[in-house]
Amino acid sequence: MKYLGKFPLLDESGQPLSSHIDRVLRDLAPRLQRDFPSLTDEVTIIEVLEEAGRKIVKQEHRSGAIQKLHGYAWVTVVSVATSRMRRGSMRLARATLVSEESQAALEGLQSAVGTAEQIEADIYYRQICKQLTPEEQLLCMWKRWGFSSREIAEAQGQSVERVNTFFHRLKQKIHETVQGRKVGAPEKMQRRKTRTA
C-alpha cells in the first residue's frame, strides 16, 4: 500500500481527515484487504477508507466524539466496502478471471462469431443489401438489431402498419432476389428469360 502511506485521507472538501480518524482508518486497511480480497486496487481501498472517514466525521458532528472509535470505524468500513461490492463495476471485477484462467476458459469456448458460416452469412447479407435502397437497408439493419416494428415506427414518425407493410414487401423483394429473378420485372418477362436460358 505505497500510496496510503504517502498521502492523507481526505474529507468531502478535500482536506485531510482529523488525525485520530486518519490513524484508526489506516490501522484498519490491512484487515480490510484481508476480509475483502476482491478489493485489490489500492485506489478503491483508499476510496472506501475515505468514504468511511466522512461518515465518521458526520456522526461526530451530530453526536460528539465516538467512544469506541476503532469498533465504530470498522463497522463503517465494512458497510462502505459491502456497498461497493454490490456495484456493477465491482461485480464485473469479481467475475473477471486472471490471465492464465482467462486463457484456459477462452480456449474451451466455441464461438458463433467469426466462424466460416457466420462470415459467409455476413457476406451474403451485404451482397443482398447492395441491391436495396437506402431506406430498405436501414429497415433491414433495425430489424437485424432486434428493433420491433413499433420502435421503428416511433423513430421514423410512421404508423406500425406502414412499417409492417414495407417490411413485408421488402422480404418479398429479398426472396425474389435470392431466387435469382430480376426484382421489379413483369412475371411474363421473367418466365421467358427462364425458358430461353
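Nothing in this text is a laboratory measurement; each read-out follows from the coordinates by a stated rule. The model shown is predicted, which means the values in this text are computed figures rather than measured ones. Don't worry about glycine lacking a Cβ; one is built from the backbone with ideal geometry, like all the others, and counts go over all protein chains shown.
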Cα-projected label distance for Ser63 with Ile119, points at 7 Å along beta-carbon direction, nm: 6.7
Segment 2-96, relative contact order in percent, only Cα pairs under 8 angstrom and at least six apart counted: 29
Partner aspartates and glutamates for Lys130 [C-alpha distance under 13 Å; skip if fewer than 8 residues away on the same chain]: Asp122
5 angstrom amide H check on Leu10, placed H, neighbours 5+ away: Leu17
Inter-label distance for Lys130 and Val160, nm, one decimal - labels placed 7 Å from Cα along Cα-to-Cβ: 3.7
Charge dipole magnitude, Cβ of K and R +1, D and E -1 - segment 2-96, Cα centre, debye nearest 20: 300
